[in-house]
Each structure stands twice: as structure tokens, then as C-alpha cells.
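Right, one structure below, let's go through it.
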Amino acid sequence: MQEEEKFSDDPVENIKLENEFLKIKLKAQYGDAFHMESNAAIPPEIENQFLKNMMAFEDAHAKAEFTTVYESIGKPDYRPAEELNDIEVTAALERMNAILEEHNMALDICDGPYPDRLIYAFITEELFAEETEMGGIEGMGCHFIYEEFHPNHKAEITKCTHQFLQHWFTRQFDEYATELCSDIITFDGRQMSKAAAIVKMELFFNAFQQFKDDAYNIDKVVFEIKDETHTGMGYAEGVLKYDALLEKGESIHYEGPYKLYLQMENNYWNIFYFVVPGFEW
């Protein structure tokens, strides 16, 4: 076994210097893909083990050979989906998921449920042909996400709508509100940053003690995708209501239609303009 390089006679200082050396080495080998700031809150021994594990992971990945998912799970026998009835395809899907699990693989579904026939056909007709590392890395599994192959845009817009309205009723928007675009467009065509839009919303929220008795529905989700650019535009609309409580116990009842306008880039939907009862740009 190769003896570890010694940087200092002081054990604690030696680990700290080794950590800095490992960071420089990772940065030199993997460029901007590696970025890690020093954190005094992390004990140097733990940071040292983390960096060594990362180095081992990157080295193993760089040297890995690739094969198909089908080959990596032992080329199991299977029948095409069109040859199976509904009962048979459900049983075949359960078997295929079990085989994937035996080989530390899994197909994750975020926006289902989808018909068993659809997922079984996807596994046997598409996933089997995907490349994966031969042998993989010990102790780690490989997860594939169905929606990364076939995005469910309606489900994503619906999820984004729920997230926005829940943040609205709890009055809790911040820079981590991922449902909002980095740039917001107002009704009169003005453009403002996400941060500026949140400040404007907070001025409205701060005029009240709280919102209560809120409710909403989603009546319609519409979107259009441009296949050549993988971008899209869409909207969600419905009706909502809520009571905004003033400081002296009085309240204002807001109720009416809302509409959220969204755009898609890199398979992510974000809101760039909205109309909500009570709020004015």
C-alpha cells in the first residue's frame, strides 16, 4: 500500500493541508465541474474522507467502460408488450422491475401513475438500449427517471401552479421559489428581476396579518412545445378565494379568476407573469 504523503508533523495541520491539496488536485483534473469552498464547520477529518471518496468516485467513473442496460442485467428473456394481454404485461413489468433491482438499477416515476403496458414497453424498447457503466460503482445504484425521457408537461405545470398558490396563501416567496422565472414580465410589458417581483409581492403581503379561508381549483392547463428548440409556452387558470386579515381584525375577501403564464427551458416550467385577485402590478 502506498504511504500517504505527509504535509506537516502536526496531525491536525497535516489533514488540513492534505484537504487543500486534494481540492487542488480535483480542480486540476476536473476543472470547473469541481467547486468546493472550505467550511470551518466541517471537521477536517470528515472533509478529508469526503474528498478521498470523491476522488475515488471520479477516478472510477473516468476509467469506466460502458455497456447497455440490457446487457448489464444479463440479457433476460422477455416478450414484446404487443404480445401480452393486460394481466401478462403487469406480471412482466413486476418481473422486469425485480431484475433491475437485482442489478442495483431502478426506474423512477415522478408524475404517474402510467399504464403498466406503457412503462413495460418503455423499459424493453427504450431503456434497454441506454448506456450504463459496466459493473457500476460498488455500493451505488443507477436510477433512471421516466419523465427525463418523456416529460409530462401538464403534470409539471400543474405542480408549478400548486407550488405558487401554496406560497401565495402562506405569503412565503423568496429567492428559492423555483416556480418563478429569473425575470418577470408585468402586464404593461415592463421587465423586472425575480427579486424585485418578490419585493413587490411582499409589499402587498405586509399590508395584512395573514391570509385564511383560502381555496382554489385548476380549471385548465394549456401548453405548446417547439420541438426544434425544446422550449415552450403555457398557462394555468382557475378560480381562487382568500380572506386577507387587517391589523384590527377586519378582513378583505378576495375571490375571482387567476391565471399563471409559464415558459419552459431545459424541460423546466417557470412562471413569468401572473394575475391573482387582490394583487396589482
**Complete:** Tilt, helix 86-102 to longest principal axis of the chain (alpha-carbon atoms), in degrees rounded to tens, equals 60
**Fill in**
For the chain, the longest principal axis of the Cα atoms and the Cα long axis of helix 44-63 enclose an angle in degrees, to the nearest 10, of 70
**Item:** Where labels lie 7 Å past Cα in the beta-carbon direction, separation of THR170 and ASP77 in nm
**Value:** 5.3
**Request:** Amide H neighbours of VAL239 under 5 Å, at least 5 residues apart or on other chains, H built in the peptide plane: list them.
**Result:** ASN217, ASP219, TYR258
**Complete:** Per-residue Cβ contact counts at 10 Å, fewest first, order ILE157, ILE73 as ILE73, ILE157
**Local electrostatic count, TYR235, Cβ distance below 15 Å [Lys/Arg +1, Asp/Glu -1]** = -1
**Request:** Give me the number: length gained by fully extending HIS253 to ARG95, i.e. 0.36 nm times residue separation minus the C-alpha to C-alpha distance, one decimal in nm.
**Result:** 51.4 nm
**Fill in**
Expressed in nanometres to one decimal, the distance between label points 7 Å along Cα→Cβ at MET233 and LYS154 is 2.2
**Prompt:** What FRET efficiency do you get for GLU126 and GLU13 if R0 is 45 Å and r is their Cβ-Cβ distance, rounded to the nearest 0.05?
**Reply:** 0.25
**Asked** Just PRO76, PRO11, PRO44 to compare: in a GNM of the chain, with alpha carbon springs under 10 Å, which one fluctuates most?
**Response** PRO11
**Request:** For the chain, find the longest principal axis of its Cα atoms and tell me its angle to the long axis of helix 116-125, 0 to 90°, nearest 10.
**Result:** 40
**Prompt:** Can you pick out the pairs among LYS154/LYS220; LYS154/LYS259; LYS154/LYS226; LYS220/LYS259; LYS226/LYS259 whose Cα atoms lie more than 20 Å from each other?
**Reply:** LYS226/LYS259
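Every number here is computed from the coordinates shown, using simple stated rules; none is lab data. Computed from a predicted structure; not experimentally measured. Positions of Cβ are generated from backbone atoms using ideal geometry, with glycine treated the same way; all protein chains shown enter the neighbour counts.
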